[in-house]
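To start, the structure under review is shown below, and the notes come after it.
The values are calculated or read from the model by the stated rules, or taken from the named source; none is laboratory data. The structure displayed is predicted, hence computed values, not measured ones. Neighbour counts run over all protein chains shown; Cβ positions are idealised from the backbone, glycine included. Accessible surface areas use protein heavy atoms only, side chains included; no ligands, DNA or RNA. Shrake-Rupley method; radii C 1.70, N 1.55, O 1.52, S 1.80 Å.
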Amino acid sequence: MKKILVTVLKGAWVGGTLTVPGVSGGSMAMILGVYEKLILSVNAFLKKGGDKKGAFKFLCTFGIGGLIGMVALSGMVVLLMELFPTPMVFFFAGAVAGGVPVILYEIVDAKIKIYDVLYLAVGIAITVGLSMLPEGLFAVSEDAGIGGILLQVLGGIITAAALVLPGISVSHMLYVLGIYAGIMTSISTLNILPLIPFGIGVLLGVVLTSGAMEFLLKKFKKQTYLVILGFVGGSVVELLSHINPGEFSFVCILLLAAGFALIFGLFFIEQRKNKETVQE
């Protein structure tokens, strides 16, 4: 029972952080020590002989916690974004930057060569490309036609990549795609109908991305994390490009530092706990 409760609480924390632009659900799952298990659990349904029963139990338990966290925090985050847009953008940018050490830790032993900068460039290019898409292209709507529904499914598939990849913020992806406010409002008000096509896309994307992610991390770990690092770096710049200079204040700097400290602090605590566990 204790193990189930811990899984639910971890799911609630990850689910809650998914509503915050800049905070990576994948990184948070990595920090909490459940990322690998999530990937393996999803892939268990795609592999012959996998522990499908155990995987289903874990995913359901974690998923319930995730939904609780998302519903609990989505309304508050939307309200804060409306009341204090510029300070919150700085907080989110700091949270994005706080995920950088998480990514670097995964490739700390890798030999970085000059041409590896190309992988960083790919990540930055992805960010720029997504930010240039027409605003509202993937917007959720109850009265969308067939084309609109297909775009909502596609938006869900793209968002799923951020859900699986550590270092990439799901909410920031929604922000870049121009559907953050609509998704968060629907979640906070429990207006489920317009979320169905998007949710189908997310499920499809998670299945596709999880398999690809497991393969890439096994065969091209350094290159994969460098692409993610480029995306994260581009995300910080893209986030800060939306600020209103007239609303800048010392509070913004404090929130920038607070966002970084929150994510980096959680990562540091998890690493320290893992070292103590190994020593025991």
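Starting from the Cα gyration tensor of the stretch 168-259, take the square roots of the eigenvalues, sort them a ≥ b ≥ c, and report rounded, prolate or oblate (rounded when a/c is under 1.5, otherwise prolate if a/b is larger than b/c, else oblate).
Oblate is the answer for the stretch 168-259, as a/c is 1.5 or above yet b/c matches or exceeds a/b.
Run the simple label-point estimate for residue 84 and residue 114 please: 7 Å along Cα→C-beta, distance reported in nm.
For the pair residue 84/residue 114, the computed spacing is 4.7 nm.
Let me know the charge dipole size of the chain about its Cα centre in debye, to the nearest 20, where only the beta-carbon of Lys, Arg (+1) and Asp, Glu (-1) is charged.
I would put it at about 1240 debye.
Which listed residue (257, 241, 161) has the Cα farthest towards the positive end of the charge dipole for the chain, taking +1 on Lys and Arg C-beta and -1 on Asp and Glu C-beta about the Cα centre?
161
Grab the alpha carbons of the chain, take their convex hull, and tell me the volume per residue in Å³.
152 Å³
Would you mind telling me which residue in 54, 26, 234 has the biggest mean-square fluctuation in a Gaussian network model of the chain, where springs connect alpha carbons within a distance under 10 angstrom?
Highest fluctuation among the options: 54.
Going by accessible area, probe 1.4 Å, with all protein chains left in place, what is the ranking of 255, 239, largest first?
From most accessible down to least: 255, 239.
Filter 3/53; 3/221; 37/111; 52/218; 57/221; 52/221 down to the pairs with a C-alpha to C-alpha distance above 19 Å, please.
Exceeds cut-off: 3/221; 37/111; 52/218; 57/221; 52/221.
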